[in-house]
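Quick notes on the structure that follows.
The values are calculated or read from the model by the stated rules, or taken from the named source; none is laboratory data. Since the model is a prediction, treat every value here as computed from it, not as a measurement. No Cβ is skipped: glycine too gets one built from the backbone with ideal geometry, and neighbour counts run over all protein chains shown. The accessibility values were calculated without ligands, DNA or RNA, using every heavy atom of the protein model including side chains. Shrake-Rupley method; radii C 1.70, N 1.55, O 1.52, S 1.80 Å.
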Amino acid sequence: MTTPSSSGDDNLVAPGPGVRQGDPGSATGAALGGGPAGAGTATTVGGGTLTQPRIPAQAAEHGERADGTDTAEPIGLGTSPVRADALAKAMGTFPYAADLWAEGLLWGAVARSPYAHARILSIDYGPALAIPGVYAVVTAADLRLGPTGLADGAPSGPIVQDRPVFAADVVRHFGEPVAAVAADHPDTARLAAAAITVAYEPMEPLTDPEAAFTAPPIHPDGNLFRHQPVRFGDPEATGDVVVEGLYKVGRQDPAPIGAEAGLAVPRPDGGVELHVASTDPHGDRDRAAHCLGLDPDRVRLVVSGVPGATADREDVGFQVALGLLAIRTGHPVKMALTREESFLTHPHRHPALLRYRHHADAEGRLVKVEAQLLLDGGAYAEVSSEALAAAAAMAAGPYVVPHVFVDAWAVRTNNPPAGRMRGEGALQTCFAYESQLDRLAAALDLDPLEIRRRNAMSTGDQLPTGQAVTCPAPVAELLDALAAEPLPPLPVDQPDDEWLLPGGPGGAGDPAAVRRGIGYAVGMVHILGAEGTDEVSTASVRVSGSQASVMCTAVDTGTGFSTLARQIVQDVLGITDVYIAPVDTDQPPAGPSARGRQTWVSGGAVERAALMVRHQLLQPLAMQFGMSPELLTISDGKITSYDGVLGMPVLQALEGKDLWATAQCRPHPTEPLDAETGQGDAFVGLAFCAMRAVVDVDVELGTVRAVELAVAQDVGRALNPEQIEARIEAGATQGLGLALMEDLVSEGGRISNASFTRYRLPTSLDAPSIRVVALLEERDVVAPFGAKAVGAAPATVAPAAVAAAVRAATGRQINRLPIPAEDVAG
Amino acid sequence: MLPASLDEAVTALAASPAAVPVAGGTDLMGAVNAGLLRPMALIGLGRINELRGWQYQDGTAQLGAGLTHARMGRPDFAALMPALAEAARSAGPPQVRNAGTLGGNIVTADPAGDTLPVLAALEATVTLVGPEGGREVPVSHLLTGLDPMRGGELLGYVRVPLLHAPQVFLKATGRTGPSRAAASVALVLDPARRAVRCAVGAVAPVPLRPLEAEQWVSGCIDWDGDRAIDPAAAAAFGEYVAAACVPEPPQADPEGLEGGPAAAAVRLRRTVSVLARRALGRALK
Ligand SMILES: Cc1cc2nc3c(=O)[nH]c(=O)nc-3n(C[C@H](O)[C@H](O)[C@H](O)COP(=O)(O)OP(=O)(O)OC[C@H]3O[C@@H](n4cnc5c(N)ncnc54)[C@H](O)[C@@H]3O)c2cc1C
């Protein structure tokens, strides 16, 4: 709306030498204007030029392998190559979104609601504009107008279009964006944001999800996002033993190590280029274009280094505000959220309230599970309906249960919005059904492992949704692997001061009050989007000379996807030097990096494209030797024929050639759950994980230290064993954090602990030794490579396992996560 | 501004009263970065060597306000002021302990400041230095606002008595790694005066002294013998301390799922009680 002094001369940093294409950081280099392949660009950080270190190990590898003789180090699938970005990340030189820079940039800041629920009476941005150095203030009025011609904040969303970029008439959560400012200095921008005078009429916040059903609607769409029943079997069935429980899961924050940051650069055509750490570039691009009222092809999204994401990362209020400021001012605009802002707006884990009743026969075999599940979706829909489907369909866990009756609701409240986080929906129910299994075991005097074995699901069994489990479901095998594993030693022979007690070194812990507990849990997650989501990814592979390159817009959020893509191409084509192109929306979509989908769809697409190139390479050779290409194999960088007549280095065969292919991967379709019965083949695949937790509990202070987590996981095929272990450690640690300490506290909708001092994350002293005792490799025949996603399952199961261990140590009901000290020791 | 002596710093502060002193910056810079504070100028105290050390003075130790937590955690310091050393060792991660100072901890006066209950139990005094010279103020008067720091003053030194007897600092936190205290207890023995002194941190805006409990338990100890105490008396001491320092929890069912404020208050009382009991036990071991 208001651009008092835009000068329009904004030079981007000119491309310069420094970053070789394919090196860590080249994504950012490309972000700043790109350059022809090979030219590369430099990333200017705060004025200085950042030179990207080459990865010495890889450089050496290339040198040695060029002649095809030295292949000492194994490459390809099943090996564990060092990630290409590992060194730069370890040395702190990897450029993340917050390191982006452009000449003449302005700084953005967002004005946020101090209320969880209030009507906006007026916004006076005059005082902000009057501050010298302020270039523009934008509000809902600057976005695409609503259907009635009035400003509505351009609501958008991945499923339901209900979340405005800026609140237009009503604010629905604490910290919701109301306006944004661009100024020549970050402090000025913040001052100006604070100077915007918004007159609010506070309204009663709806923060108790149970009250959402009867409270007046806080949004025109109502307070219910979705109700999903599941009706399976006979509602009258009963068992000999019945146990009931009410469980509660708190609000976990993804707490990415790097807060949201990004750079927007206006385009001459009136569009904008967004350089952000997106995990869903095309989805975000489309939503941004929609909100800005632009054609999608006038918005280009370039993915910069992602400093931590466990599924969803940024909210539209960040990305669109950034883009709008750039368009308004004609200047590049950079915005970096404070830690507090970051806590307030990005998607959180759904808090949940779960009521369960389990029926079992005298032998401990499950007869019936009844459950009522309530997810607090926060102020806007986001993906709550998706999380709810997972919660409802997997409410009974990885067990054979003949009768299952579930009612699951996701509701709207004035709490911060919830979204995707590893194991959304599945995690909450896993804690509840596994706690129920512990109760049943206690009631029947059965070993907790034994009761789980007796009910374990396997391939061919049915989910309560009627879907047959066709993928490997080695639940019993996972439990057996745990049972066979020796326990960590008791610290009895250790001097007291060498024993890391709950409370930490030099803490208040007293060995005499410490009890050890051992708990088990097993759980499952679904892989890929559910209920008819069109899952598809596209990838191109090109080989010219001795280098292969992969173009695929699957964002490597730290999951190691680019390492995997490299391994796949190495495996299929026998080429060592594989370059992974940076991600932007000029290329076809690969979909969001969430729900464990990239290994499957994007890995699958890369494999297919590589296989097509392989065919192009082998076909002429086969013709030449008068045999079919199937009789040729590529291994160790050599093409050999079945009879050994042909033995040619791949690089020789490639000489002077330029081959390329594009392929898609689309798994078999799924269908929505029936709205009344919850029946339907909603999932593409399932992954399972079993965990044993060992904890020490100070039963007087209620403090807990996890000593060890032993993990057995169903991975289909271990494509990169070290990477898998790292993913398991990450997931298990995140689950442990939720179990013991992580909770974003809403006091009447106001978040009271939005800082790393008050929102406690596990530190290295809190993280137990995590031992992967088994990676079960039973290939999933429909999945590319037979592999399953690995990140979500351990995060899903760890909270349940830790809770079980605390239960065993204290003999108390552990019904809440994170486990409050007063539940551990009253 | 980086003055090299306390006098210079006081002069600098007098010359620009809007300037804010900064020692380790571990509290101050957080506030600046969060936009809570916009100092016009900073007076760095890091170069003032006289504030960075400590020395004996007539049966007491004179501690410079610039002593870092890391320095206070070292064995030589711990041998004379064990509870202060324990508090310093538990104050945050190593990076913070290397920079954060005693003076900063006192001036910030966070309820969960770890050195504060120890200083309260030791009945330490602080020397505040201003343009008119220095004055000595009991740390408790400073913290409660009875005798606050005046404009233009800097915290120069902290004087603690050397008691040559066991001292304990215990802190309950929400995780195993470094964390702020949910509650803490400092307990020192003063054999010369046959006294036990105790302070509870983090449960109120300032450290609390349960004077009656101190007096009662001092009478239970056989000061001339092996200073042993009956476990039941130690437990009673814990309860006594907790009752004195944590308000009566509101009535509610503490076993309910919702927990709520009642359960949390019950928990806090028990925590303080356990800490006080354990602290006494360790001091008398
Ligand atoms: C990650 C982290 C963890 C932490 N954990 C703990 C913890 O567990 N326990 C704990 O107690 N604290 C903790 N802290 C807080 C902090 O480290 C301590 O309070 C520390 O002692 C502050 O000292 P400083 O020298 O850094 O103070 P500064 O930040 O430099 O100053 C703090 C305040 O004191 C004033 N000031 C400093 N020195 C003087 C002086 N000589 N005269 C007058 N005014 C002065 C400053 O003007 C400022 O207002 C933590 C901090 C961080 C960042």
* Which entries of A:LYS248/A:LYS368; A:LYS248/A:LYS788; A:LYS638/A:LYS788; A:LYS334/A:LYS657 show an alpha-carbon separation above 31 angstrom in the structure shown? -> A:LYS334/A:LYS657
* So, by mean Cβ neighbours within 10 angstrom, what's the order for B:161-170, B:4-13, A:803-812 with the highest one leading? -> A:803-812, B:161-170, B:4-13
* **DSSP bridge pairs, the stretch A:537-665: antiparallel proportion in percent, nearest 5** => 85
* Asked: So what are the ³J(HN,Hα) numbers for the stretch A:122-138, from phi and the Karplus equation (6.51, -1.76, 1.60; θ = phi - 60°), rounded to whole Hz, Gly and Pro as x?
  -> 7, 10, 10, 9, x, x, 6, 5, 6, 6, x, x, 8, 9, 7, 10, 10
* Asked: What number, in percent, do you get for the relative contact order of the stretch B:167-283 if the mean sequence gap of Cα pairs under 8 Å and at least 6 apart is divided by its residue count?
  -> 26
* Nearest 0.05, what FRET efficiency do B:ALA195 and A:ASP208 give at R0 = 45 Å with Cβ-Cβ as r? -> 0.35
* To do: Provide the net charge surrounding B:ALA236, with neighbours chosen by a C-beta distance below 15 Å and charges set as Lys +1, Arg +1, Asp -1, Glu -1.
  => 0
* Structure fact -> Using alpha-carbon positions, the gyration tensor of the stretch B:14-136 gives root eigenvalues a ≥ b ≥ c; with a/c under 1.5 called rounded, otherwise prolate if a/b exceeds b/c, else oblate, the class is oblate
* Structure fact -> At 10 °C in a medium of viscosity 1.306 mPa s, the stretch B:167-283 has a Stokes-Einstein diffusion coefficient, with Rh taken as the Kirkwood radius over alpha carbon pairs, in µm² per second, of 108
* Given Cα pairs under 8 Å that are at least 6 residues apart, what percent is the relative contact order of chain A? -> 15
* For the stretch A:250-255, 3J(HN,Hα) per residue [Karplus equation, 6.51 cos²θ - 1.76 cosθ + 1.60, θ = phi - 60°, Hz, x = Gly/Pro] -> x, 9, 8, 9, x, 6
* **J(HN,Hα) series, the stretch A:104-120, from Karplus relation 6.51 cos²θ - 1.76 cosθ + 1.60, nearest Hz, glycine and proline x** => x, 6, 9, 10, x, 8, 10, 8, 10, 6, x, 10, 7, 7, 6, 8, 8
* **Computed E for A:SER635/A:GLN494 - FRET, C-beta separation, R0 60 angstrom, nearest 0.05** => 0.75
* Structure fact -> Sorted on mean Cβ neighbours within 10 Å (highest first), peptides A:690-699, B:51-60, A:333-342 come out as A:690-699, A:333-342, B:51-60
* Over both sides of the B-A contact, add up the buried accessible area with a 1.4 Å probe and give it to the nearest 100 Å². => 2400
* With only Lys, Arg, Asp and Glu charged, each at its Cβ (+1 for the first two, -1 for the last two), find how big the charge dipole of chain A is about the Cα centre; round to the nearest 20 debye. => 740
* **For the stretch A:753-817: accessible area per residue (Å², 1.4 Å)** => 35
* Using alpha carbons only, how many degrees (0 to 90, rounded to 10) separate the axis of helix B:211-220 from the longest principal axis of chain B? -> 50
* Return the distance in nm (one decimal) between the two label points of a simple spin-label model at A:ALA237 and B:VAL20, each offset 7 Å from Cα along Cα→Cβ. => 6.5
* **Listed residue (A:ILE196, A:PRO186, A:HIS173) projecting farthest to the positive dipole end of the stretch A:165-209, Cβ model** => A:PRO186
* **Charge dipole of the protein assembly as shown about the Cα centre (unit charges at C-beta), most positive-ward option of A:LEU106, A:VAL492, A:LEU366** => A:LEU106
* What is the dipole size for the stretch A:624-744, taken about its Cα centre, with +1 at each Lys and Arg Cβ and -1 at each Asp and Glu Cβ, in debye to the nearest 20? -> 560
* Asked: Can you give the helix-only mean residue ellipticity at 222 nm for the protein assembly as shown, where every DSSP H stretch with n ≥ 4 adds -39500 (n - 2.57) and the sum goes over all residues, rounded to the nearest 500 deg cm²/dmol?
  -> -8500 deg cm²/dmol
* Structure fact -> Note on the stretch A:686-807: contact order normalised by length, alpha-carbon pairs under 8 Å, 6 or more apart, percent, works out to 43
* Asked: Name the residues of the stretch A:749-768 whose accessible area falls by at least 30 Å² when all protein chains are present instead of the chain alone, probe 1.4 Å?
  -> A:THR757, A:ARG760, A:THR763, A:LEU765, A:ASP766
* Structure fact -> Taking Cα atoms only, helix B:6-15 is inclined relative to the longest principal axis of chain B by an angle, in degrees rounded to 10, of 70
* Return the residues of the stretch A:805-826 for which accessible area with all protein chains present is lower than in the chain on its own by 20 Å² or more; set the probe to 1.4 Å and exclude ligands, DNA and RNA. => A:ARG812, A:ARG816, A:GLU822, A:GLY826
* Asked: Which of the helices in chain A meet the span-like rule: DSSP H, Cα axial reach of 20 Å or more, Kyte-Doolittle mean at least 0.5?
  -> A:792-810
* Exercise: per-residue mean of other protein chain Cβ atoms within 10 Å, B:221-229 -> 0
* Asked: What spacing in nm lies between the two simple spin-label points modelled at A:LEU487 and A:THR459, each 7 Å away from Cα in the Cβ direction?
  -> 3.5
* Provide the FRET efficiency to the nearest 0.05 for the A:ARG339-A:MET91 pair, computing r from the beta carbons and using R0 = 30 Å. => 0.80
* Provide a whole-number value for the mean count of partner chain Cβ atoms within 10 Å of the Cβ atoms in peptide B:163-176. => 6
* Asked: How much of the DSSP beta bridge set in chain A is antiparallel, as a percent to the nearest 5?
  -> 80
* Using the charge dipole of the stretch B:119-259 (Lys, Arg: +1 at Cβ; Asp, Glu: -1 at Cβ; taken about the Cα centre), state which of B:VAL217, B:GLY238, B:VAL126 has its Cα farthest towards the positive end. => B:VAL126
* Asked: B:ALA195's amide H: which non-local residues (gap 5+, or another chain) put their own amide H closer than 5 Å, with H modeled 1.01 Å from N in plane and none for Pro or chain starts?
  -> B:ASP190
* Asked: Which of the chymotrypsin sites (Phe, Trp or Tyr not before Pro) across the stretch A:633-713 are loop residues per DSSP, with 14 or fewer other Cβ within 10 Å?
  -> A:TYR642
* Asked: Which shape class applies to chain A: rounded if a/c is under 1.5, otherwise prolate when a/b exceeds b/c and oblate if not, where a ≥ b ≥ c are the square roots of the Cα gyration tensor eigenvalues?
  -> oblate
* What GluC sites (Glu not before Pro) in the stretch B:120-205 are in a loop by DSSP, with at most 15 other Cβ atoms within 10 Å of the Cβ? -> B:GLU132
* In square angstrom, what is the accessible area per residue of the stretch A:664-734 with a 1.4 angstrom probe? -> 28
* Excluding B:GLY130 itself, what net charge comes from residues whose Cβ is under 10 Å from its Cβ, given Lys and Arg +1 and Asp and Glu -1? -> 0
* Asked: For the stretch A:186-334, what proportion of DSSP beta bridges, expressed in % and rounded to the nearest 5, is antiparallel?
  -> 60
* Partner chain Cβ atoms within 10 Å, averaged over the residues of B:86-94 - can you pull that number for me? => 2
